[in-house]
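Taking it in order: structure first as structure tokens, then the write-up.
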Amino acid sequence: MKVTVVGAGAVGATCADNIARKELVEELVLVDIKEGFAEGKALDIMQTASLLGFDTRVIGSTNDYSKTANSDVCVITSGIPRKPGMTREELIGTNAKIVEEVSKNLLKYSPNTILVVISNPMDTMTYLTLKATGLPKHRVIGMGGILDSARFKCYLQQALDCSPNDLHATVIGGHGDTTMIPLTRLATLNGTLVSNLLGEAELKQVSADTMVGGATLTKLLGTSAWYAPGAAGAALVESIIRNEKKVFPCCVSLEGEYGQNDICLGVPVVIGRNGWEKIIDYKLNAEEQELFNKSADAVRNMNQVLDTLVA
Ligand code: LAC
């Protein structure tokens, strides 16, 4: 099996590092436009192989997509990250052109690949990738909800002082500070509702912290986060490559599910060898559905900006 990660910046390189450590594939290709950068990151990762005991061959390429040929999964992290005070949405003008070009280049050499989109604003970049490539919907997956859910579990873990591995908690909707929806009602600690263990105010705080989880890190780091985004990308790739059929919230094309059409938005899906295989209906209550609809409206507005960029 073979995976390509495009963009050897902090998120792409961390994603590649995680994929190599997990020994998911025989070959891993890292691509970047900056001369020698992907080669350098790939070599650095390869030099950890004997220390960490993995047997994945990692190679780097400066924009030569022929090296990516026959990849089973391609992860797109290209584009600029946000700076403190910026929203993910402000990146659209620059990143749309990059993501469109990258996805087309990848498909030239790997026509059967599954595309995982991480570049921001992720929901719009996923929609753009789906439209620009014309790929079957099951082969285009936006990665945001897995990361947001991991952040949700991190804040829950701190509030409950429990093991993060005992938590099940999901964030659906858009991957934006105001569009994501942490489903506090459904979060559990080993089968017990978290809402029975935390007060309403505490739960509200966890939810608010989750929503600005990325922005908090951008402020602290001066740029966008990479450990959790990279690990979340690798977890998604793992479920595809190993055909795990894990349920992850991912940004996928909706055709009536969750009451929405002609949009890519975060919902729980089964992830396996064919990409996203089916959408799971969590049966939202009226309040959650209203938030989901608002999130869809905001993402749809963002998607409309794409038309002005192409025109
Ligand atoms: C974040 C970026 C990767 O949430 O969207 O950290």
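The values are calculated or read from the model by the stated rules, or taken from the named source; none is laboratory data. Since the model is a prediction, treat every value here as computed from it, not as a measurement. Positions of Cβ are backbone-derived with ideal geometry, glycine not excepted, and every protein chain shown enters the neighbour counts. Accessible surface areas use protein heavy atoms only, side chains included; no ligands, DNA or RNA. Shrake-Rupley method; radii C 1.70, N 1.55, O 1.52, S 1.80 Å.
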Exercise. Which residues, taken from region 217-228, are open to solvent by less than 70 Å² (accessible area, probe 1.4 Å) and part of a helix (DSSP H, G or I)?
Worked result: Leu217, Thr218, Ala228
Problem set entry | Close pairs (8 angstrom Cβ cut-off, 6 or more residues apart or separate chains): touching a residue at least 60 places away in the same chain (Cβ under 8 Å) in region 280-302, open to solvent by 50 Å² or more (accessible area, probe 1.4 Å) and acidic (Asp, Glu) anywhere | Met302/Glu89
Exercise. Mind checking which residues of region 259-303 are crowded, with 22+ Cβ neighbours inside 10 Å and at positive phi?
Worked result: Gly275
Exercise. Going by the structure shown, is Ser253 in contact with a strand residue (DSSP E or B) (Cβ under 8 Å, 6 or more places away or on another chain), open to solvent by less than 30 Å² (accessible area, probe 1.4 Å), of a type in the set (Ser, Thr, Tyr) and under 20 Å from Leu115 (Cβ atoms)?
Worked result: yes
Seminar exercise, completed: Counting only strands (runs of 3 or more DSSP E) entirely within region 229-311, those with at least 3 residues that are modelled with pLDDT of 95 or more, within 25 Å of Gly7 (Cβ to Cβ) and of a type in the set (A, V, I, L, M, F, W, C) are 246-255, 261-272
Exercise. Condition test on Tyr127, is it aromatic (Phe, Trp, Tyr), open to solvent by 30 Å² or more (accessible area, probe 1.4 Å) and out of contact with any strand residue (DSSP E or B) (no Cβ under 6 Å at 6 or more places or on another chain)?
Worked result: no
Exercise. Mind checking which residues of region 132-184 are without any contact (Cβ under 8 Å) to a residue 40 or more places away in the chain, away from the ligand (no atom under 16 Å from the Cβ) and assigned to a strand (DSSP E or B)?
Worked result: Leu167, His168
Seminar exercise, completed: Inside region 213-261, the number of residues satisfying the requirement of being more than 10 Å from the ligand (Cβ to nearest atom) and of a type outside the set (A, V, I, L, M, F, W, C) is 18
Problem set entry | Flag for Val206 being more than 16 Å from the ligand (Cβ to nearest atom), in contact with a strand residue (DSSP E or B) (Cβ under 8 Å, 6 or more places away or on another chain), at pLDDT 95 or above and assigned to a helix (DSSP H, G or I) | yes
Exercise. Is it the case that Ala150 is under 20 Å from Ala208 (Cβ atoms) and either open to solvent by less than 20 Å² (accessible area, probe 1.4 Å) or not small (Gly, Ala, Ser) (or both)?
Worked result: no
